[in-house]
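The values are calculated or read from the model by the stated rules, or taken from the named source; none is laboratory data. Treat the numbers as computed from the prediction; the structure is a model and nothing was measured. Note that we place each Cβ from the backbone using ideal geometry, even for glycine, and neighbour counts take in every protein chain shown. Keep in mind that these areas ignore ligands, DNA and RNA; they rest on the heavy atoms of the full protein, side chains included. Shrake-Rupley method; radii C 1.70, N 1.55, O 1.52, S 1.80 Å.
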Amino acid sequence: MAVKYQIPRGTFDILPEESYKWQYLKNIFREITRTFNYKEVVTPIFEMSELFERSVGVSSDIVQKEMYKFKDKKGRIFALRPEGTAPIVRSYVANNLGRDGDLSKLFYMGPMFRYERPQKGRYRQHFQYGIENIGSENPYIDAEVIAVGFNFLKKLGLNNFELQINSIGCPNCTLDYNKALVAYFSSYYDELCPDCKIRIKKNPKRLLDCKVKSCKEIGANAPSMLDYLDDECEIHFKKVQENLSKINISFTINSRIVRGLDYYTKTAFEFIDNNLGAKNTLIGGGRYDGLVKQLGGNDIPGIGFAGGFERLIVSMEKEGLQFGKEQNPDVFLVSLGEEAKEFGISFLSKLRNNRISAEISIDKNSLKAQMKAANKSKAQFALILGENEIKKEEITLKNMETGSQELVKLADIVEKLLQILKIK
Ligand code: HAM
């Protein structure tokens, strides 16, 4: 049969045999964020397009080229969210989350949408996990936020990643730095790609982010932001490094990290997996001290990060790591004969009501066919119920891995299974 409807380009289905990996990553991310006392926030998948224009920036690639924008029936312009920070700050301001003056420590997980050229590790819908810490400019927080990402990657068992940090200063330092960049790149103007010829006028820092080889080569000798930091930004950056060292997180300084979004100030960081090829950023983040105010709130600083599950899975597979256990049934009920089948149906419900994951093959009757189905389901145990067993009020419990089996009183089987399966 010809497939009539194709999946949109740059997207993919997560099939049942893969979905446990995603579940595992979500569980571990929840576990790690909990150790740092972050609480979940869920925002809509679409927002007013202007939210991203004002925050991520009109001259950023994301807003310029990658947003899925659409008009609703009343002509309002929305966008499928390309990232999570702006929606969270929107929610923070709208719901007055900072009203008690406390830090807001928020985490999120969900799909993001960017109309990019699909390639390995880059999709048009990708699944992000991230945190936002809003309310403190203390450099301790920068290190703590980075530690959440670090602990998460470590907990998954990853070892081949590197933390790179930079400071991209504040608007104050950016003024001088932009002048230096414009002066530097102007002498190569004719060699720049068409996008960079626009960047030099609109947003010089973006010049350092260009992926075109010739622009990259020119950029390699461009002035470094770190030489243009004002005193406050320089001290802040030093303190972040000290705090990272205190908690034994090693890092390298990469003055070329500018990040693709306009809201960043001071600390910017990335966790890179050098074995991943072109799309090797596992996690990207940084400080955004002006964003809350820019989106209508008070002058409140913030910092956060996000990463995509897709690249994480590739990294983990490259390192041969496991994604916890695939979720299979605890028991598979095999019933022989009409009477056993009838009895089996209510018995199955009893197992499930006791939190035992139980499966049955309702359309197969022979022992052979049902045992084959039990094997395929990867259940830990088979429970075999024949007419004889019902008469004696017993059931056969078979360990599918070892093949050993025993008869157990029907009255005791639930309790016994709860014990063996360690279900509390
Ligand atoms: P970002 O660097 O644009 O930052 O994205 C964060 C991460 O999402 C990337 O490092 C990558 O792992 C993943 N990612 C991005 N685009 C794609 C794609 N097309 N396909 C697959 N994975 C992708 C942000 O979005 C910021 N909001 C992060 C942040 C939070 N900064 C402060 N707080």
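For ILE146, the requirement of being among the β-branched types (Val, Ile, Thr), in contact with a strand residue (DSSP E or B) (Cβ under 8 Å, 6 or more places away or on another chain), over 20 Å from PHE107 (Cβ atoms) and open to solvent by less than 10 Å² (accessible area, probe 1.4 Å) is not met. For the stretch 156-164, check the following and say yes or no: at least one residue is among the small types (Gly, Ala, Ser) and open to solvent by 30 Å² or more (accessible area, probe 1.4 Å). No: zero hits. Could you please let me know if VAL42 is open to solvent by 20 Å² or more (accessible area, probe 1.4 Å), closer than 21 Å to PHE152 by Cα, in a loop (DSSP other than H, G, I, E, B) and more than 9 Å from the ligand (Cβ to nearest atom)? Yes: the conditions hold for VAL42. The set of residues in the stretch 203-250 being under 27 Å from the mean Cα position of the chain (by Cα), modelled with pLDDT of 95 or more and buried (at least 20 other Cβ atoms within 10 Å of the Cβ) consists of PHE237, VAL240, LEU244. For the stretch 273-290, filtered to residues that are more than 9 Å from the ligand (Cβ to nearest atom) and modelled with pLDDT of 95 or more, the residue that is surrounded by the most Cβ atoms within 10 Å (Cβ to Cβ) is ASP273.
Each residue in the stretch 180-205 was checked for being of a type in the set (S, T, N, Q) and closer than 18 Å to ILE62 by Cα, and 1 of them qualify.
Does GLN119 satisfy the condition of being within 15 Å of the ligand (Cβ to nearest atom), open to solvent by 40 Å² or more (accessible area, probe 1.4 Å) and among the polar types (S, T, N, Q)? It is true that GLN119 is within 15 Å of the ligand (Cβ to nearest atom), open to solvent by 40 Å² or more (accessible area, probe 1.4 Å) and among the polar types (S, T, N, Q). Just to be sure before I move on: is LEU158 under 27 Å from the mean Cα position of the chain (by Cα) and in contact (Cβ under 8 Å) with a residue 12 or more places away in the chain in the structure I sent? Criteria met by LEU158. Screening the stretch 302-318 for residues that are open to solvent by less than 10 Å² (accessible area, probe 1.4 Å), of a type in the set (A, V, I, L, M, F, W, C) and in a helix (DSSP H, G or I) and picking the one that is farthest from the ligand (Cβ to nearest atom) gives MET316.
Scanning the stretch 257-271 for residues that are assigned to a strand (DSSP E or B), open to solvent by 10 Å² or more (accessible area, probe 1.4 Å) and near the ligand (Cβ under 9 Å from one of its atoms) gives a single hit, GLU270. Pairs linking a residue in the stretch 312-339 that is in contact (Cβ under 8 Å) with a residue 60 or more places away in the chain to a residue that is among the basic types (Lys, Arg) and part of a helix (DSSP H, G or I), with Cβ atoms under 9 Å and 6 or more positions apart or on different chains, are ILE313/LYS21; MET316/LYS21; PHE323/LYS21; GLY324/LYS21; GLU326/LYS21.
VAL58 meets each of the listed conditions (1) modelled with pLDDT under 95; (2) under 26 Å from VAL145 (Cα atoms) apart from (2). The criterion of at least 1 residues that are within 29 Å of ASN27 (Cα to Cα), modelled with pLDDT under 95 and open to solvent by 70 Å² or more (accessible area, probe 1.4 Å) is met by none of the strands (runs of 3 or more DSSP E) wholly inside the stretch 323-396.
VAL63 falls short on exactly one of the conditions (1) within 14 Å of the ligand (Cβ to nearest atom); (2) in contact (Cβ under 8 Å) with a residue 40 or more places away in the chain; (3) out of contact with any His (no Cβ under 8 Å at 6 or more places or on another chain), and that condition is (2). Among the residues making up the stretch 90-105, a single one is within 14 Å of the ligand (Cβ to nearest atom), touching a helix residue (DSSP H, G or I) at 6+ places or on another chain (Cβ under 7 Å) and open to solvent by 20 Å² or more (accessible area, probe 1.4 Å): ARG90.
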